[in-house]
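**Q** Got a structure for you, written out below as structure tokens; questions coming shortly.
The values are calculated or read from the model by the stated rules, or taken from the named source; none is laboratory data. In this text, all values refer to a predicted model and were calculated from it rather than measured experimentally. Every residue, glycine as well, gets a Cβ built from its backbone with ideal geometry; the counts of neighbours run over all protein chains shown.
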Amino acid sequence: MDFAQAIKSCFSQYAGFTGRASRSEFWWFLLFQVVVVVVTGFVSQLVSSVVSLALLLPALAVGARRLHDIGRSGWWQLLSFTGIGILVLIYWWVQPSGE
């Protein structure tokens with residue numbers, strides 16, 4: 001999956017927490033999210049905050065679908081609220097597909 005396909009897929013499943021997401025889809029969307037937030041941060045802090053909030057739900061959805069792809073529940077994303085949990089999530093997100 002290339003960059004444009006990944007972005008289109010994530011926005012077409014804006015709040016879709018079911019199904020699976022490939023590694024490329026997840027990482028391309030994460031790159032898109034970081035770039036957009038940084039660029040809008042140069043424009044205005046308010047715009048950056050609004051964009052971050054708008055991209056939160058699709059980011060959570062693609063993260064859950066990525067975890068489903070490796071055989072884990074999307075609820076594991078709650079680990080990100082702990083300090084070390086984000087490292088565990090990153091490790092899982094880079095794993096190849098479960099099937």
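**Q** Scan region 27-76 for residues that are over 16 Å from L89 (Cα atoms) and in contact with a Phe, Trp or Tyr (Cβ under 8 Å, 6 or more places away or on another chain) and jot them down.
**A** Result: W28, L31, F32, L57, P58.
**Q** A follow-up question, please. With respect to the numbered conditions (1) within 13 Å of the chain's Cα centre (by Cα); (2) free of Cβ contacts under 8 Å to residues at least 40 places away in the same chain; (3) surrounded by fewer than 12 Cβ atoms within 10 Å (Cβ to Cβ), which one is the sole condition not fulfilled by S52?
**A** Exception for S52: condition (3).
**Q** Further question: Looking at region 11-27, I want the residues that are free of Cβ contacts under 8 Å to residues at least 60 places away in the same chain and loosely packed, with under 14 Cβ neighbours inside 10 Å and have a partner that is among the basic types (K, R) and in a loop (DSSP other than H, G, I, E, B) with Cβ atoms under 7 Å, at least 6 apart or on another chain. Which pairs are those?
**A** none
**Q** Need the failing condition index for S73 against (1) surrounded by 11 or more Cβ atoms within 10 Å (Cβ to Cβ); (2) of a type outside the set (V, I, T); (3) free of Cβ contacts under 8 Å to residues at least 24 places away in the same chain; (4) farther than 16 Å from I7 by Cα, just the number.
**A** For S73, the failing item is (1).
**Q** Sticking with this structure for a sec: State all residues of region 76-89 that are farther than 21 Å from S9 by Cα and either part of a helix (DSSP H, G or I) or at pLDDT 95 or above (or both); if no residue qualifies, say none.
**A** W76, L78, L79, S80, F81, G85, I86, L87, V88, L89
**Q** If G16 passes every condition in (1) assigned to a helix (DSSP H, G or I); (2) modelled with pLDDT under 95 but one, which one does it miss?
**A** (1)
**Q** I'm told F42 meets every condition in (1) surrounded by 12 or more Cβ atoms within 10 Å (Cβ to Cβ); (2) out of contact with any Asp or Glu (no Cβ under 7 Å at 6 or more places or on another chain); (3) not hydroxyl-bearing (S, T, Y) except one. Can you identify the failing condition by its number?
**A** Condition not satisfied by F42: (1).
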